[in-house]
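Please treat every number below as a calculation from the coordinates, not as lab data. On a predicted model such as this, the values are computed, not experimentally measured, just so you know. Please note: Cβ atoms are built from the backbone with ideal geometry, for glycine as well, and neighbour counts cover all protein chains shown.
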Amino acid sequence: MQRLMNKFKNRMRAMTEILEGPTAIATGVDRLTNGQLVAFPTETVYGLGADALDGHAVAKVFALKGRPATNPLIVHVSGIQMAKTVVAQWTQEAELIAKAYWPGPVTLVLTKADCVPGIVCANGDTVAVRCPAHPCALALIEAFGKPIVGPSANPSGRISPTTPEHVADGFGDVDLIVIDGGHCRAGIESTVVDLAGDISKVLRPGIVGAHAIGETLGKSVECVTQQAEDSVARSPGVVGAHYQPRTPTKLASTGLLASASESVVLLAWSTDVHPSGGTLISMPQDLGQYASMLYRALHQGDKASQDSIWIEEPAIGSTAQDQAIRAAIIERLDRAAHG
Ligand code: TXA
Ligand code: MG
């Protein structure tokens, strides 16, 4: 009898399931239609999806992530046409950026349309919209036929997921499916561009830099993440500790790495780092590849369960594009090491 009961309990226990191919998309659509959550791959990181127009479904995203209700979500669309349905006004600047970078890692903040529930936008009057460049994400949104919210699919404040296994490990046994789209090639989150105010600005740096956005708009565009007060008001998710491994993490100069003890995990890109002890994770010197690998390395470093993780600051880039990627990486590293 007891064995039977245990078997029943095990069957009832929720499980995170990783699914592939057309079945995964069909199951995903079914779940979204029933107000449930679906984790899906994008080119940046995995997102935790729900029907963006269903406030009850969106509330489950906040609950599972443990995300403060004051931090708004990104709405994922299949293209410009769908984007227009969630904003009050599709501006000329939005058209220019979307034509240049969508599908791709750029999110646009615009005045919201009435159909978007307040919970998505933390009850503000703007909405963040993005069209992801991943065939699975696009197939899911297109088959569902409606926009999907998608914060990164990790518990709030922790390392973002770039593989389906990261998502499953992060949430444990919960009633969730993860659509397997392999490793996310860009590896860090999209650039968030605020087009809703008087002055267009980048709120979160990404692979596409402020200089490139400025070139597309034909004017100078600044990245304002350093201006904490403004950032709090405009984009709550870009301040303070975030992207954090459980293991205490710090940025280290190349010189310091050699002194690492047995219990340190090192993320180093210099070829001349030969630590006397510890675990070495070699990082690429190319900054695009570094970004692509960053979260995977942090997850791996965290799993090693050592006393600390030391990260060698990435090399200075020579081109404007490299400098933009480096700034985006440094923003993640600073916050992974925060406090
Ligand atoms: O690459 C990405 O953007 C990934 C993939 C899954 O698309 N998503 C992602 O979502 O990074 P999340 O929730 O982890 O980060 C969204 C960021 C936060 O910093 C949030 O504060 C900001 O976008 N954001 C969302 N809506 C906003 C709004 N209406 N105004 C200003 N900032 C907003
Ligand atoms: Mg996130």
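Here are the numbers for this structure:
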read-out: Dipole of the chain [Lys/Arg +1, Asp/Glu -1 at C-beta], most positive-end residue of Pro248, Ser259, Thr91; value: Pro248
read-out: The chain, relative contact order [Cα under 8 Å, separation at least 6], %; value: 19
read-out: Euclidean distance between Cα centres, the stretch 94-116 to the stretch 289-339, Å; value: 27
read-out: Separation of the Asp286 and Ile18 label points, Cα + 7 Å toward Cβ, nm; value: 2.5
read-out: Label-point separation, Glu313 to Glu142 (7 Å along Cα→Cβ), nm; value: 4.5
read-out: Anisotropy class of the chain from Cα gyration tensor, a/c 1.5 cut; value: oblate
read-out: Efficiency of FRET from Cβ geometry, Glu95 and Arg246, R₀ 45 Å, rounded to 0.05; value: 0.55
read-out: Point-to-point label distance, His338-Ser156, nm (Cα→Cβ direction, 7 Å offset); value: 1.2
read-out: Cβ-derived FRET efficiency at R0 25 Å, Cys115 paired with Asn34, nearest 0.05; value: 0.80
read-out: Table column - 3J(HN,Hα) (Hz), the stretch 266-272, Karplus curve with 6.51, -1.76, 1.60, x for Gly and Pro; value: 10, 9, 10, 10, 5, 7, 8
read-out: The stretch 126-206, relative contact order in percent, only Cα pairs under 8 angstrom and at least six apart counted; value: 19
read-out: Lys pairs under 19 Å by Cα in the chain, provided they are eight or more residues apart or on distinct chains; value: 10
read-out: Net length gained if the chain between Gln321 and Lys303 were fully extended (0.36 nm per residue, minus Cα distance); value: 3.3 nm
read-out: Charge-dipole axis of the chain as Lys and Arg at +1 and Asp and Glu at -1 on Cβ define it, positive-most pick from Phe144, Gln285, Ser318; value: Phe144
read-out: Lys, Arg +1 and Asp, Glu -1 on Cβ, resulting dipole of the chain about Cα centre, debye, nearest 20; value: 940
read-out: Mean Cβ count within 10 Å, highest first, over the residues of peptides 94-105, 58-69; value: 94-105, 58-69
read-out: Within the stretch 100-184: Cβ-based charge dipole about Cα centre, in debye rounded to nearest 20 (Lys, Arg +1; Asp, Glu -1); value: 320
read-out: Debye, to nearest 20: dipole size of the stretch 249-336, +1 on Lys, Arg Cβ, -1 on Asp, Glu Cβ; value: 200
read-out: Label zone at Ser261, where the point sits 7 Å out along the Cα-to-Cβ direction: the stretch 273-296 residues whose backbone N lies under 16 Å; value: 276-279
read-out: Around Gln36: net Lys/Arg minus Asp/Glu count, Cβ-Cβ under 11 Å; value: -2
read-out: DSSP bridge orientation in the chain - percent antiparallel, rounded to nearest 5; value: 35
read-out: The stretch 249-336 - percent relative contact order, Cα under 8 Å, separation 6 or more; value: 36
read-out: Amide H contacts under 5 Å for Ala88, placed H, 5+ residues apart; value: Thr111, Lys112, Ala113
